[in-house]
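Only the coordinates and a few stated rules stand behind these numbers; no lab work does. Here the structure is a predicted model, which means the values were calculated and not measured. Cβ placement follows ideal geometry from the backbone for every residue including glycine, while neighbour counts extend to all protein chains displayed.
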Amino acid sequence: MRLARNSQGARGFTLIEVLLVVVIIGIVVAIIIPNLMDSLQKAKQKRTVNDVRAVGTAWFSWVTDQLSASAAGSSSQTFDMSALPDTLTPNELSELLRRGGMNYIVTVPDKDGWGGDYEFMWAGNVAATPTFGLRSTGRDRVEGPTTNPYPVGPFVATNYDEDIVWVDGNFIRFPTGTLASD
């Protein structure tokens, strides 16, 4: 008995050829998907760092210009967030940064790269250091570290659950590789 062929003599794919293609596609997807997911998290983290830097710089300029004061920054190894007892909403901070006839920032973002709320904190009008700070609680949206105070310095950039914190003109917690000095 002879197999029938079509008029051009073409044959279909064998089961092994189809399985081989499926396996190759699976391997490629297994390599690409984790890298894509990590790239998405990096982009969210980078956006958050840039937002924090922009708002922090605008707020620092406002403090310097409007209060004729300059925040001292952080020279210690730790920082206690309870030193900033008052909170502001993004709208309140936006209004504050428009006082005195200046517009220090066009908009104050209310959500970080992961969709969590930014926290804007300050010591009110008290002439104490630190004066102000802002924080993103990272991908997990859980305030960290587990013990207060924060250790000052960078963290591993791929730890997307770490908080990103800016206080008095300086980053307190930030991913490695995001600042010119680290």
statement: Here the gain from full extension of ASN103 to SER82, 0.36 nm per residue of separation minus their alpha-carbon distance, amounts to 4.7 nm
- prompt: ³J(HN,Hα) across segment 163-170 via Karplus (A = 6.51, B = -1.76, C = 1.60, θ = phi - 60°), whole Hz, x for Gly/Pro?
  reply: 6, 10, 10, 10, 9, 6, x, 9
statement: Reduced to Cα centres, the span from segment 35-68 to segment 144-174 in Å works out to 13
field: Within-13-Å neighbourhood charge of LEU67 [Cβ basis; K, R +1; D, E -1]
entry: -1
query: Counting only the backbone N, which residues of segment 130-168 are under 19 Å from the spot 7 Å out from the Cα of ASN35 toward its beta-carbon?
result: 158
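What's the FRET efficiency of LEU67 with THR89 using the Cβ-Cβ distance as r and R₀ = 35 Å, to the nearest 0.05?
0.95
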- prompt: Taking LYS44 as the anchor, which aspartates and glutamates have their alpha carbon closer than 16 Å to its alpha carbon, excluding any fewer than eight residues away along the same chain?
  reply: ASP110, ASP112, ASP117, ASP140, ASP161, GLU162, ASP163
query: Using a simple charge model, +1 on the beta-carbon of Lys and Arg, -1 on the beta-carbon of Asp and Glu, nothing else, what dipole does segment 16-175 show about its Cα centre, in debye to the nearest 20?
result: 340
